[in-house]
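First comes the structure, then the notes that go with it.
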Amino acid sequence: MLVKYNLDSLNYETISNSVPLVPRLEYSVNLLNEIITMVETKRYNLKESNHFLINDFDEKNESHVNFIKLEQSVSFCLDILLQIRNKINCISSVKSIPKLLSSSISVIRIVSAKLFDILPYCSHKLSELSVHLGSIVLDSASITQAKFDFSDSNDESVIFLDKVKLMADSKISKQYPNLDFLKQYTT
C-alpha cells in the first residue's frame, strides 16, 4: 500500500500530505476485516442451520422462505464487502484512492442498512467505516486535485451492486438447486 510506495515517484504529493492517510487507511482495512469476519461467521451459521432446507423445503412455509432470504441477503452483503476489500488492496498511490473508493462509500452504507436488523454491531461498524473511507477519499482527492462526478459514482455503484447481486444469487441457487422459488427472487 502507500507505506511501501516509493516516495520519489509521488511527484507532486508530499510526505506531509500522503503519510497521514496511511494510518487511517490501515485502520479502515482492519475495521473492514473485522466486519468481514463477523459476516462470514453469520453466513456460515445460516448455511449450516438452513442445510435441512435442501431436502425439506416447503415453499408454503413462510419461515422456510424467510430463512433462505436471510441467507441470500447475508451472502450478498458478504460478497460486497469482499469486493470492497479487493478494491482497497488495489490502492497503489494517493492518486488511485478517489478513483477506486469513491463509489464504495454509498455501497457500504447500503450494506450497513441491509445488516441493521441482522447484525446491528456490524451495521454500526460499517457506518463508522463509511465515514473513515469518505474522509480518506476527500483528503486524497484534495491532495491530488481530483474531481468528482457524483452521477458517475452513483452509476458505478449501481453496476457494482448489480454485479455482486448476480454473484450472490448464483451461489445461493447452486447451494439450493432444487428450490424453484429462488428463481423469482434472483431474476
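Does ILE35 qualify as being under 17 Å from LEU138 (Cβ atoms), modelled with pLDDT of 90 or more and surrounded by 21 or more Cβ atoms within 10 Å (Cβ to Cβ)? Spell out how you get there, then give the answer.
On the way: under 17 Å from LEU138 (Cβ atoms): no; modelled with pLDDT of 90 or more: yes; surrounded by 21 or more Cβ atoms within 10 Å (Cβ to Cβ): yes.
No; evaluated as a whole, the condition is false for this residue.
Check the stretch 72-79 and report whether any residue there is over 12 Å from the mean Cα position of the chain (by Cα) and small (Gly, Ala, Ser).
yes
Might you let me know whether the stretch 127-144 holds any residue that is over 20 Å from ILE91 (Cα atoms) and open to solvent by 20 Å² or more (accessible area, probe 1.4 Å)?
There is at least one residue in the stretch 127-144 that is over 20 Å from ILE91 (Cα atoms) and open to solvent by 20 Å² or more (accessible area, probe 1.4 Å).
GLN175 is checked against (1) in contact with an Asp or Glu (Cβ under 9 Å, 6 or more places away or on another chain); (2) touching a residue at least 12 places away in the same chain (Cβ under 8 Å); (3) under 24 Å from ASN33 (Cβ atoms) and fails just one. What number does that condition carry?
If we test GLN175 against (1) in contact with an Asp or Glu (Cβ under 9 Å, 6 or more places away or on another chain); (2) touching a residue at least 12 places away in the same chain (Cβ under 8 Å); (3) under 24 Å from ASN33 (Cβ atoms), just (3) comes out false.
Which pairs do you get when a residue that is without any contact (Cβ under 8 Å) to a residue 24 or more places away in the chain and within 17 Å of LYS69 (Cβ to Cβ), found in the stretch 108-126, comes within reach of a residue that is open to solvent by less than 10 Å² (accessible area, probe 1.4 Å) and polar (S, T, N, Q), reach meaning Cβ atoms under 9 angstrom, with the pair 6+ apart or on two chains?
Listed pairs, sorted by first residue: ALA113/SER123; PHE116/SER123; ASP117/SER123.
Does at least one position in the stretch 3-21 carry a residue that is more than 21 Å from VAL107 (Cβ to Cβ), modelled with pLDDT of 85 or more and surrounded by 11 or more Cβ atoms within 10 Å (Cβ to Cβ)?
No: zero hits.
Being among the small types (Gly, Ala, Ser), in a helix (DSSP H, G or I), at pLDDT below 85 and in contact with a helix residue (DSSP H, G or I) (Cβ under 8 Å, 6 or more places away or on another chain) is the filter here; which residues of the stretch 138-172 pass it?
The answer is SER153, and nothing else.
Pull out all pairs, ordered by first then second residue, where Cβ-Cβ is under 7 Å, the residues are six or more apart or on different chains, the first lies in the stretch 49-68 and is under 10 Å from TYR176 (Cβ atoms), and the second is open to solvent by 100 Å² or more (accessible area, probe 1.4 Å).
The qualifying pairs do not exist here.
Please go through the stretch 83-107 and pick out each residue that is open to solvent by 20 Å² or more (accessible area, probe 1.4 Å) and touching an Asp or Glu at 6+ places or on another chain (Cβ under 9 Å).
Within the stretch 83-107, LYS95, SER102 meet the criteria.
The values are calculated or read from the model by the stated rules, or taken from the named source; none is laboratory data. Keep in mind that what you see is a predicted model, and the values were worked out from it rather than measured. Because the Cβ atoms are built from the backbone with ideal geometry, glycine has one as well, and the counts that use them run over all protein chains shown. Accessible surface areas use protein heavy atoms only, side chains included; no ligands, DNA or RNA. Shrake-Rupley method; radii C 1.70, N 1.55, O 1.52, S 1.80 Å.
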